[in-house]
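Accompanying notes for the structure given below.
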Amino acid sequence: MQHYRVDPTLGNEIAAFGGQTLGRCFSCGNCTAVCGLSKGDTVFPRKIIRYLQVGLSDRLLESPEPWLCYYCGTCSSTCPRNAEPGELMMATRRWLVSRYDWTGLSRRLYLSEAWELGLLAMMALVVLALFVVPGWLGLPFGFKAIDASAAAHVRLDLFAPTRIVHSGDWTLAGLLVLLLGINAVRMVAFVRKGMGQLKVPLSVWAGKAYEIAVHGATQKRWLQCDNDTLVRWLLHFLLVTGYVTMLLLVVVFLPWFQREHADFHFTAIFGYYGTVTILGITLLAMRGRLRKREQYYRFSHVSDWMFLVLLFLTALSGILLHIFRLLDMPWPTYVLYVAHLMIAVPMLIVEVPFGKWNHLVFRPVAQYLVAVREAAQARQPVPVPATRRAHAVAR
């Protein structure tokens with residue numbers, strides 16, 4: 001039997017992460033009853049809120065349930081005490097991210113606007129320096145590489161050689177995979193500890209690995225929620241496909257996607273799709289958060305806004321860069337190229353592993369862990385009651 005210590009500071013911590021309504025809940029269970037995703041051994045939000053109230057921080061770390069919530073808002077809109085259980089689940093996810101993160105940056109970014117803005121600004125300045133400093137050192141890269149031909153016509157092969165940029169893209173992608181991978185492994189370790197003495201064969205761990213890919217690509221459990229579920233799922237799906245398309249174009253297909261001169265290539269069509277979906281859906285989301293008419297948009301953490309604004313500006317600067325390049329306008333193209341990277345790179349380095357974006361990893365992993373637990377439980381022998389054992393011996 002596992003024993004847990006009570007953490008008397010947990011309630012205040014969750015309040016700092018956005019869950020200020022914890023004290024209103026009197027554990028009636030309405031939120032769990034109305035939730036279309038709460039079933040079997042994975043019931044929420046009531047259980048999670050109870051952990052918060054009692055101060056069971058270790059039990060929270062061992063629970064995958066907070067990641068099974070898609071924040072449809074049904075629980076909050078029907079709560080008799082206005083305890084906002086949906087927002088409490090969101091705050092719990094922020095707190096969990098801060099505990100999975102071994103660097104401690106997630107905690108600082110969630111609790112301090114100055115830290116988040118400062119780190120983003122610092123990364124932007126680093127990107128700017130990459131296009132200024134090499135020229136001072138006599139290297140053929142950046143603003144100093146612009147000669148008479150590059151000043152007359154677009155010459156990205158001189159200003160930002162594809163080979164160098166592509167290497168930087170792969171380095172950045174590797175860093176993101178490393179950071180997210182380590183935090184995901186830590187999450188798995190925490191949840192596995194919560195399974196106690198349950199035996200999980202290696203075949204079960206391997207056999208259920210497909211759950212990560214399925215839920216990561218489709219987020220299909222969202223379709224079981226209420227409140228315009230299909231519309232919200234579709235918008236989220238389109239948004240994800242939009243920035244995954246852009247990520248693939250930049251990281252994998254950059255040698256074809258980044259054109260050196262003012263010419264057109266068919267890969268730009270995929271870029272148009274990504275740009276349109278990102279600009280359109282982020283604008284809809286920002287309007288919803290400003291109007292606050294729907295439960296889903298009533299509460300907005302700084303990380304929510306940062307996610308939307310940076311994504312919008314990345315797409316906007318990218319399409320403007322593309323237009324200026326097609327118009328063969330060198331200096332606007334070069335300036336927007338740097339501005340685009342000064343937005344996109346800090347967003348990827350700061351927001352993806354440490355901010356709101358990481359739910360794209362943790363939520364599928366949580367679904368995987370639940371599937372593993374259920375499969376392992378199904379393999380366990382059913383205990384025979386003592387009275388039946390006695391009768392069997394007597395016979």
Whole-angstrom Cα spans of the range 10-100 along principal axes, big to small: 29, 26, 21
Debye intensity ratio in log₁₀ form over the Cα atoms of the range 189-245, taken at each q of 0.24, 0.28 Å⁻¹: -0.94, -1.10
Whole-number D in µm² s⁻¹ for the range 53-114, Kirkwood Cα-pair radius fed into Stokes-Einstein, 10 °C, 1.306 mPa s: 123 µm²/s
Average Cα contact separation per residue, the chain, under 8 Å, 6 or more apart, as relative contact order %: 21 percent
Sparsely packed chymotrypsin sites (Phe, Trp or Tyr not before Pro) within the range 32-126, loop by DSSP, other Cβ within 10 Å at most 16: W102
Among A378, A129, A366: highest mean-square fluctuation, GNM of the chain, C-alpha pairs under 10 Å: A378
Virtual spin-label span in nm between L283 and E260, 7 Å along Cα→Cβ: 3.6 nm
Translational diffusion of the range 102-225, µm² s⁻¹ [Kirkwood Rh, Cα pairs; Stokes-Einstein; 10 °C; 1.306 mPa s]: 82 µm²/s
³J(HN,Hα) computed for each position of the range 233-250 - Karplus, 6.51 cos²θ - 1.76 cosθ + 1.60, integer Hz, glycine/proline x: 4, 5, 4, 5, 4, 5, 4, 4, 5, x, 7, 5, 4, 5, 5, 5, 4, 7
Positive-end residue of P364, A124, P85, charge dipole of the chain with Cβ unit charges: P85
Reachable aspartates and glutamates from K199, criterion Cα separation under 15 angstrom, eight or more residues apart if same chain: E374
0 to 90° range, to nearest 10: angle between helix 267-291 axis and the chain longest Cα axis: 60 degrees
Dipole-positive endmost among C31, L248, W67 within the chain (Cβ charges, Cα centre): C31
Crossing angle, helix 162-194 versus the chain [Cα axis fit, 0-90 degrees, rounded to tens]: 10 degrees
The range 299-367: proportion of alpha-carbon pairs further apart than 17 angstrom, %: 51 percent
Reachable lysines from K220, criterion Cα separation under 28 angstrom, eight or more residues apart if same chain: K39, K47, K193, K208, K292, K356
Rounded, prolate or oblate (a/c below 1.5 giving rounded, otherwise prolate when a/b exceeds b/c) for the range 244-395 by Cα gyration tensor: prolate
Which of S149, S303 has the fewest Cβ neighbours within 10 Å, and the rest in rising order: S149, S303
Options P330, F159, V200, ranked by Cα towards positive dipole end of the chain, top entry (Cβ charges): V200
Unit charges on C-beta of K, R, D, E only; dipole of the chain, Debye: 1780 debye
Length added when fully stretched, A33-A151, from 0.36 nm per residue minus Cα-Cα: 35.9 nm
Descending semi-axes in whole angstrom, ellipsoid equivalent of the range 105-378, from the Cα gyration tensor: 38, 22, 19
Net charge contributed by nearby residues that have their C-beta within less than 12 Å of V345 (K/R +1, D/E -1): -2
Exposure proxy order (Cβ contacts within 10 Å, fewest to most) of T282, T32, T241: T241, T32, T282
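Throughout, read-outs are computed from the coordinates displayed, never taken from laboratory work. Please read all numbers here as calculations on a predicted model, not as lab measurements. A quick note on method: Cβ atoms are made from the backbone with ideal geometry, for glycine too, and the neighbour counts reach across all protein chains shown.
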